[in-house]
Amino acid sequence: MKRLLRPVWAVLSSRVTSPLVIGIFLLVYIGIAFFTEDAVTALMDLTRQSVVLVFLLALLPLNSAGRIVTETGRFIQRRRAFSGETADVPTGLFDETIEVGVSPAFADLRERFDTLGYKTRQTDHSLGAWRGISMFPARLLFLSSMFCLFVGILISLATRASYRGPVVEGVPLPSPSGKGGVVERIRLEKSTGSILSRELIMEVAPTGRTGARTTFGIYPPTLYQGSFVYPRYLGIALVVQFSAPDLPSGYENQAVLNIYPPGKEAALEIPDSPYRLMLSLAESDDGSDPYVTGRMVFTFKLLKDKDVLFTGNVPGGEEFTRDGFRLAFPDFRRMVITDFIQDYGVFFIWTAAILLGVSIVFWLPVRLLFPRRELLFIRQGADMIRACSRAEGRERRHDGVFNEALDLLEARAPESQPFRERHPV
């Protein structure tokens, strides 16, 4: 069993695993890009359908978890070695490990490290010296952010469900649960923030007798009845009344038209007739935004088969009549095409972004101003010392201190006990 677990753990804790898996997905993405323009969506669909790709994707959070365990274990081992609790220093725990064939007193070395600004701790069989702040918290936060990111991506691919519907003023919110509150008002106004120039606000009344009014904006998305609400496109919900000499029964229906901004056209077919309407929102004479002011004028083009019969403008609430034709827009309301997305992986992705930001804020000043540097000398029997060095920044300066300490030890070593072999990490 141990023989089986060793290679599995080696894969899960290796630094190569995540870059290798990401490289495989990158190659798959490049291959898909040759055949479709929307390569990202195609890759997501392919991953959902492929057991192999799902397994590879699951390796990413598992590898991050394995790295967290490994880094934590290494940090605890170093702390134990510096405290004198253990004389065992596994290979790879430090950047450099050298065995010196001499057993001197540590007093001279400790005084030298004290004068160089290192903090020291001496026991009966070891001497530890260090300065600066360890970047282990930053690494732990970074690895935790990668774990949350990959878990979020995996959950999103496996469980994500989306629904798109029109949100119209005065109409119940078309939530996937079917129990959305009534949309009281949709507002588009100047934003007070520094990123977006305009702010979209959708106000929804509570579903029951109790509860608070819900307000939806563009960002961040609001969680409503288990779904995130993402407004996508602005438009108009328009009641259209149309009659023609050869259409005595007339036509009346509410059309949801994606005709914002002004000038953008949408087609409306009149069923069981050769007529078709091309509608758009006219620009205001004073330059104001009709979606903001609510004063809307609609430009229309009436076609019979391929022939254009009439063109003109009709203000909302009024009508156009000519030669037995009648076109009226008795009611119009603001509308927003909205996505309702059930995606609980978003929580992990947001958590990953926060952890990554905190890790960078911690890592940058520590790396530049207070890098961690460590020296450890442990007696190995009566005539041997194991010297260990590790630096997280300013390596050249720290290597100079370490080499000077080794020179002092070498000067005390008898000719019969030269330096042993150096073991680089």
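The values are calculated or read from the model by the stated rules, or taken from the named source; none is laboratory data. Given the structure is predicted, the values throughout are model-derived calculations rather than measurements. Neighbour counts are summed over all protein chains in view; Cβ atoms, including those assigned to glycine, are modelled from backbone coordinates with ideal geometry. All accessible areas refer to the heavy atoms of the entire protein, side chains included, with ligands and DNA or RNA removed. Shrake-Rupley method; radii C 1.70, N 1.55, O 1.52, S 1.80 Å.
Annotations
- Where region 7-127 is the region considered: accessible area per residue in Å², 1.4 Å probe: 56 Å²
- Label-point separation, Glu395 to Asp323 (7 Å along Cα→Cβ), nm: 8.5 nm
- Nearest-ten-degree value, helix 395-412 long axis tilted from longest Cα axis of the chain: 10 degrees
- Computed about its Cα centre, the charge dipole of the chain is approximately 1520 debye, with only Lys, Arg, Asp and Glu carrying charge at their Cβ.
- Helical mean residue ellipticity (222 nm; -39500 (n - 2.57) per DSSP H run of 4+; nearest 500) of the chain: -12000 deg cm²/dmol
- When peptides 247-254, 402-409 are ranked by their average number of other Cβ atoms within 10 Å per residue, the highest-first order is 402-409, 247-254.
- Separation in nanometres of the label points that stand 7 Å from Cα toward Cβ, at Asp108 and Gln380: 2.2 nm
- Length added when fully stretched, Glu410-Asp307, from 0.36 nm per residue minus Cα-Cα: 27.0 nm
- Mean separation of Cα contacts under 8 Å, 6 or more apart, over the residue count of region 229-277: relative contact order %: 30 percent
- Residue among Ala212, Thr70, Trp130 farthest towards the positive dipole end of the chain, charges placed on Cβ: Trp130
- Thr91-Val358 FRET efficiency (beta carbon distance; Förster radius 41 Å; 0.05 resolution): 0.80
- Dipole of the chain, positive end: most advanced residue of Ala328, Ser359, Gly312 [Cβ charges, Cα centre]: Ser359
- Gain in span if fully extended, Glu71 to Ala39, counting 0.36 nm per residue against the direct Cα distance: 7.9 nm
- Each peptide in 4-15, 231-242, 84-95 receives the mean, over its residues, of other Cβ atoms within 10 Å, and ordering these scores from highest gives 231-242, 84-95, 4-15.
- More than 29 Å apart - percent of Cα-Cα pairs taken over region 1-156: 42 percent
- In plain terms, the chain from Ile24 to Ala158 could stretch by 46.3 nm, reckoned as 0.36 nm per residue minus the Cα-Cα distance.
- The separation of region 44-116 from region 9-30, counted between C-alpha centres, amounts to 21 Å.
- Degrees, to the nearest 10: 345-369 long Cα axis against longest axis of the chain: 40 degrees
- Sorted on the mean count of surrounding Cβ atoms within 10 Å across their residues, most packed first, peptides 36-48, 70-82 read 70-82, 36-48.
- Stokes-Einstein D (µm²/s) once Rh is taken as the Kirkwood radius of the chain over alpha-carbon pairs, at 10 °C in 1.306 mPa s: 56 µm²/s
- For the chain, carbon and sulfur atoms together expose 57% of the accessible surface, with a 1.4 angstrom probe and every protein chain in place.
- What the pair-distance distribution of region 72-145 shows, using all Cα-Cα distances binned every 10 Å from zero, is 16, 43, 32, 8, 1 percent.
- Counted charge near Leu93, where neighbours are those whose Cβ lies closer than 13 Å (Asp, Glu -1; Lys, Arg +1): +1
- Mean projected area of the convex hull spanned by the Cα atoms of region 70-224, taken over all viewing directions: 18.1 nm².
- Legend: calculated FRET efficiency, Arg80 to Val54, from the Cβ-Cβ distance at R0 = 45 Å, rounded to 0.05, equals 0.70.
- Here the Kirkwood formula puts the hydrodynamic radius of region 128-195 at 17.6 Å, using every distinct Cα pair.
- Label zone at Thr192 (point 7 Å along Cα-to-Cβ), backbone N below 17 Å, region 212-242: 215-220
- 20 Å Cα-Cα reach of Lys306 towards aspartates and glutamates, excluding residues that sit fewer than 8 places from it in its own chain: Asp246, Glu265, Glu269, Asp272, Asp323
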